[in-house]
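One structure is given here, and the rest of the page talks about it.
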Amino acid sequence: MPIRTESHDPWPFAILDFEASALKNGSYPIEIGISYWAGTDQPAHTWSALIKPTTSWSEAGIWAVKSQQVHKIHPEALEIGLSPALALATAEAFVASLDCPILVSVRARGVISGVD
């Protein structure tokens with residue numbers, strides 16, 4: 001098998017990242033973020049938003065203090081977050097405007113689904 005020696009320019013690219021209430025079954029998304037980087041000599045463009053949990057997410061979901069210590073987001077802060085539907089629509093609009101590969105950073109297992 002021949003070894004590839006040509007370089008592959010990674011620019012531009014974007015990263016989509018989520019923070020969750022916990023890293024186990026029953027968790028729900030609490031923040032979404034997207035960063036776009038056109039090149040090494042260009043500034044990164046970033047958007048993020050807290051996500052206000054739906055009533056069903058809060059009632060059925062899990063909040064892990066250990067996760068809170070990592071992401072530094074307190075449950076009370078989510079009250080000013082976007083609704084899940086608005087967070088999704090805004091993220092979709094941002095992603096649709098990009099013409100590049102999008103890396104997704106997610107570690108989810110058994111995440112509660114449904115956007116109210």
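Points to keep in mind about this one:
- Counting neighbouring Cβ atoms within 10 Å and putting the fewest first, the residues TRP57, TRP11 line up as TRP11, TRP57.
- Counting neighbouring beta carbons within 10 Å and listing from fewest to most, the residues THR90, THR54, THR40 come out as THR40, THR90, THR54.
- Added length on full extension, which subtracts the Cα-Cα distance from 0.36 nm per residue, ASP99 to THR40: 19.5 nm
- Per the Kirkwood formula applied to alpha carbons, the stretch 16-104 shows a radius of gyration over Rh ratio, Rg over Rh, of 1.02.
- In a DSSP loop and with at most 11 other Cβ atoms within 10 Å, the trypsin sites (Lys or Arg not before Pro) in the stretch 1-87 are ARG4, LYS72.
Computed from the coordinates by the stated procedures, all read-outs in this text should not be read as laboratory data. Remember, it's a predicted structure, so these values are computed and weren't measured experimentally. Here Cβ is always computed from backbone atoms with ideal geometry, including for glycine, and neighbour counts include all displayed protein chains.
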